[in-house]
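Before any comments, here is the structure.
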Amino acid sequence: MGLFDKSTIEKEIKELPSGFLSIMLDAALSANITSIAIVGGVVRDLIKKSNNRDYEIIFNDLDLIIEGDTSTYIKELQRVLGAESVKVIRFNKNYKTSEVIINGIKVDIASARQERYPIPGENPIVELSTIKKDLIRRDFNINAMAIELKDNRLIDLFSGSNAINNMKMDFLHESSVLEDPTRIIRASRYSAKLDFHLSNQALKQIKDTINLWPWKWNIGDNTDLAPSALSIRLRMELELLLENKYWKNALKNLQACGGLGIVDSKLQNDQRLIERILIAKKSHIEPLTALVYESESPIYLAKRLHLNQQQKEIIEGACRLNKYLQKIEANNLYKNWSPSKWTTILEKINANECSFILEICRENPLKEYLKSWLFNWKNIESPIKGDDLIAKGWEAGPEIGIEIKRQRMQLIDEQNIF
């Protein structure tokens, strides 16, 4: 029984019930789809398992590719298994992909396609194609393999299995980075996750392409004009990298190959970047927010990458805070400020608490004052409430607020002496 036989695959991947792959194939054939194959991480894992029986396959989902329309195929699966057993989670019309849950198993189904990049860095033009042509348009040799379910054979056009055995990965084409610079981020993520090395040719292609900067848009230009691979899709790849279990090694790989240069030159050369992101993560700040804040122009990069509104507000608040603190630091009088004075100043800035943490992570010279306010002073409340003052004969009005604040500040100073 061969390595790529359907029953063998189901034995190796315990999450797949016996006969599951045969059902996938039969449904394809009954829908006049003559070719269906497994692609992605399962193929890599099976090859690694064949060389190391102790290798543990961690199954997350099954990636299938078909020569045909995914909608037609899913309708046939629903007819065979029942609509309640095949739930469509996501459908992308442009890229002809679908994500479904089949009896609890996540399955990504894609129509075989080929892509053309009329403008480097922009989204490609997609056309239906064959499985072999689909493999040709992919990023790395270790990802350009498929297991054909009809005849249980491995399709390996770029010696991907040898690359896995040698633990070395390479781009498929000389223009891979030119067409899609986000492949640099994926290369760093895969090499960290799989403990593979990039080939010398791949490293040279990354460095040469970035140095040449062949894209019409440059860092510093209008963010609205940035191509997708240098904006939205770049953000998505950075998020995947930073969410990965091996994100620290992935970032090291990215800096080592010069890959962060497509994001920001300061990030590329920051030797303490990982340390600062790690501190931010421990404080429950999204790592991408922390990374962007360490860049040369955080607000600009946040806009370019299309960060969400909350992320932008945190970064903008941290920038305001940093600017204000620079003015304070230039005036040595701050050394004589009381805790209440610091509290009044910092609360006027009206920045998100996460903004303070970003500045603390950056090791602002005044970080001890920031930490004192964030973790102590701001949590101290006035010993008296408005109702208490009214009960004592105070008339409702602004004077009550002033008195509450005065007593709060007095308590802050009493409980905290420098």
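Coordinate-derived values only; no laboratory data. Just so you know, these numbers come straight off a predicted model, no measurement behind them. Glycine gets a Cβ as well: all are built from the backbone with ideal geometry, and neighbour counts include every protein chain shown.
Among Ile206, Ile349, a tally of other beta-carbon atoms within 10 Å of each Cβ gives an order, fewest to most, of Ile349, Ile206. Only DSSP H runs of four or more residues enter the estimate; each adds -39500 (n - 2.57), and after division by the residues of the chain the mean residue ellipticity at 222 nm equals -14500 deg cm²/dmol. Spin-label model, Asp195 to Lys132: label points 7 Å out along the Cα-to-beta-carbon direction sit 3.6 nm apart. Here Cα extents along the principal axes in Å was computed from the coordinates, and among (1) 78, 57, 41; (2) 88, 52, 43; (3) 63, 44, 43 the match is (2).
Which of rounded, prolate, oblate describes region 78-174, given a ≥ b ≥ c as roots of the alpha-carbon gyration tensor eigenvalues and a/c under 1.5 marking rounded, otherwise prolate only if a/b is larger than b/c?
Numbers: a/c = 2.29, a/b = 1.37, b/c = 1.66.
Because a/c hits 1.5 or more and a/b fails to exceed b/c, region 78-174 counts as oblate.
Overall, the anisotropy analysis places region 167-307 in the oblate class: the square-rooted eigenvalues a ≥ b ≥ c of its C-alpha gyration tensor yield a/c not less than 1.5, with a/b not exceeding b/c. The slack between Ala330 and Ser265, meaning 0.36 nm per residue of separation minus the straight C-alpha distance, is 20.6 nm. May I ask you to derive the FRET efficiency for Lys11 and Gln310 from their Cβ-Cβ distance with R0 = 41 Å, giving the value to the nearest 0.05? Result of the calculation: an efficiency of 0.35. For Met167 and Ile23, the FRET efficiency from 1/(1 + (r/R0)^6), where r spans their Cβ atoms and R0 equals 41 Å, is about 0.75. With the simple spin-label model, which puts each label point 7 Å out from Cα in the Cβ direction, the Gln407 to Asn379 separation comes to 2.2 nm.
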